[in-house]
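Trainee: Below is a structure I'd like to ask you about.
Each reported figure results from applying straightforward, stated rules to the coordinates on display, with no laboratory input. Predicted, not measured: the structure shown is a model, and the values here were computed from it. Counting neighbours? That spans all protein chains shown, and the Cβs are built from the backbone with ideal geometry, glycine included.
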Amino acid sequence: MPAIHSQSERLSLEAEQHLPGGVNSPVRAFRAVGGHPVVIQSASGCHMTDVDGNTYTDFVGSWGPMILGHAHPAVISAVQQVAQFGLSFGATSPREVELARAIKRFYPSIDLLRLVSSGTEACMSAVRVARGYSEKPGVIKFEGCYHGHSDCLLAKAGSGAMTLALPDSAGVPPSVTQHTYTVPFNDLAAVRALLAEKGQEIGVIVVEPVAGNMGLIPPLPGFLQGLRDLCNEHSMVLVFDEVMTGFRLSRSGAQGLYGVVPDMTVLGKIVGGGMPLACYGGRRALMEKVAPLGPVYQAGTLSGNPVAVTAGLTTLEQIDAQPDLYQHLESIGAQLQTGLEKILQDTGVVGRVQRVGSMWTLFFTDRPVVDYVTAKTCDTQRFASFFRGMLEAGFYLPPSQFEAAFLGAAHRSQDIDAFLQAASRVLGKVS
Ligand SMILES: *Cc1c(COP(=O)(O)O)cnc(C)c1O
C-alpha cells in the first residue's frame, strides 16, 4: 500500500510560513529530490515514524549521531535521570570531567579538549587554535569537505587549486576567506604545489579523513600519511575533522582505522549521543593556547551542559559495552554493499557503491568518486527517483546524492535484506 503523506504535507506547508524553506537545516527540505519532506513524529532503533503513521527503516541516523539506534533505552533513561537535577549550571559539573576522560580513552592523540555545542563551533574553534599556535594565517581545506558553516571554512575552490578560494555563501566577504586555500580531496600533488608557492603563510591543514559530505569518499592510499608528512615538514598543524567519522569507523575514528595521528581532532555527532554537543582537542602544546591558559579566546554558555554530556557519556559507555559493535557494522555494511553491487549488475543501472564501515553512498556514475569533481559526474535525477522509490517503499535515505548514508547497531541482517529487495525493485524501474 502506498504511503499517505497528508499530515506531512500539511505540516511542511505550515512550516514554510515560519522557517526558511520550512526547515532548520537546508538539506531537510528535500529540494534535491523533490516532493515534500516527511515530518517525523518519533524514532526507535533503526526505525522512524512520520506524522501520518508511516514507518521507515532509517539510513540517516540524524546524520550520524545515532550509532546505537534511536531512543536507546540506556541513553534515554540517563538523560531523564539527570534532567531532574537541573538543565544547565554555567559552572563545572562532575560528568563533564568524566566525559573528557572517556573521550581521551578513545582518542589517545588528545591530551586536552574543550566541549562545545556543535560541530560548526568545534571546527571553527580548532582552526582558531591552530592558527593561534602556528602564527600563520593560511588554512588549507579540501574541495567538497564540510567543516560546519563558520565563515572562513565556507569556501571551495574558484578555478583550480592554486587560486584563492571564493566564498561559498552570500554574506561572507571575500576578505574573510582570503586566507582559506582549497585543493581537491585526495590530491597530494596539489597540496605540495600550493605549499611551494604559499608555504610561508599556511599554518593549518583541516580535512575530513574520510569525506562524507560529498557522498562517501575514502582517502586514497597514502593521502592522509602524505598530509601528516607535509605538516611535519612545513610546521603546520594537522586537524582531522572527525565529526562524522569519530567513534564510527573505529573506536578512535579514522585516525584509528588508518593509523595516522593528527595534531588536533574535532568530534561531534556521536560524542553527543543525539544532543547538541561536540568537542575539539589535541596535543597539549596546542590546547594550552586556549583561554584561560592562553591567548586564544573561545567560550560557551551551554558548553558541557549536564544533559548533553550525559547523553554523550552514556553513548560512549554503550559503545564500550558492545565489543562486537564495529564487527557488526562492517558485516552489515559488507552485506549491503555486495547486495547493491549485484543489483546494479543485474539491472544494468550505472552506479557504484562506496563504503567505509558503516558509512556508504550509492553514486549514480560510471567512475570511481575520489573528489568533488568526480562526485559531480553523478546523475542526480536518477538519484532522486531512487530516493523517492525507496521512501515510498519505507526506507529513509539521505535526501541528496552528496550525503553519506549511515548504518547503526540497531540494523540487523534482515533489515539489510529487506532494503536490498526493495532496492532491486526500485532500481529495476529507474534503469
Ligand atoms: C556535521 C559536520 C559538521 C558540522 O557539525 P554541526 O553539528 O552540524 O554544526 C562539521 N564537520 C563534519 C565533517 C560534519 O559531518
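Trainee: Go through 394-406, 37-49 and give me the packing order, highest mean Cβ count within 10 Å leading.
Mentor: So the peptides 394-406, 37-49, ranked by packing, come out 394-406, 37-49.
Trainee: Moving to a separate point now. Starting from one equal scatterer on each C-alpha and no solvent at all, send me the Debye-based log10 I(q)/I(0) for the chain at q = 0.09, 0.11 Å⁻¹, two decimals.
Mentor: Calculated log10 I(q)/I(0) at the listed q: -0.56, -0.86.
Trainee: When the helix-only estimate is applied to the chain (DSSP H runs of n ≥ 4, each -39,500 (n - 2.57), divided by the residue count), what is the mean residue ellipticity at 222 nm, nearest 500 deg cm²/dmol?
Mentor: After summing the helix terms and dividing by the residues of the chain, the value is -11000 deg cm²/dmol.
Trainee: Averaging over all projection directions, find the projected area of the Cα convex hull of the range 239-280 and quote it in nm² with one decimal place.
Mentor: It is 2.5 nm².
Trainee: Tyr146: net charge of surrounding residues, Cβ under 12 Å, Lys/Arg +1, Asp/Glu -1, itself excluded?
Mentor: That works out to -3.
Trainee: Considering the Cα trace of the range 73-320, what is its radius of gyration and what is Dmax, both in angstroms?
Mentor: 17.8, 57
Trainee: Once the other residues with Cβ under 9 Å from the Cβ of Met287 are scored (Lys, Arg +1; Asp, Glu -1), what is the net sum?
Mentor: My count for the surroundings of Met287 gives +2.
Trainee: Please list, in order along the range 408-419, the HN-Hα scalar couplings obtained from phi with the Karplus expression 6.51 cos²θ - 1.76 cosθ + 1.60 (θ = phi - 60°), rounded to whole Hz, x for Gly and Pro.
Mentor: x, 4, 7, 6, 10, 4, 5, 5, 5, 4, 5, 4
Trainee: Starting from the Cα gyration tensor of the range 357-431, take the square roots of the eigenvalues, sort them a ≥ b ≥ c, and report rounded, prolate or oblate (rounded when a/c is under 1.5, otherwise prolate if a/b is larger than b/c, else oblate).
Mentor: oblate
Trainee: Quick check on the range 352-401: what does the Kirkwood estimate of hydrodynamic radius come out to from the alpha carbon pairs, in Å?
Mentor: 11.5 Å
Trainee: Turning to a different aspect of this structure: Can you tell me how the range 163-300 classifies by the Cα gyration tensor, rounded, prolate or oblate, using a/c under 1.5 as the rounded cut?
Mentor: Rounded, because the longest to shortest axis ratio a/c is under 1.5.
Trainee: Moving on. With a 10 Å radius around each residue's Cβ, average the other Cβ atoms per peptide and rank 118-130, 178-190, 73-85, 282-294, highest first.
Mentor: 118-130, 178-190, 282-294, 73-85
Trainee: If you look for lysine pairs in the chain that are eight or more places apart or on different chains, how many of them have Cα atoms under 16 Å apart?
Mentor: Within the chain, the lysine pair count is 6.
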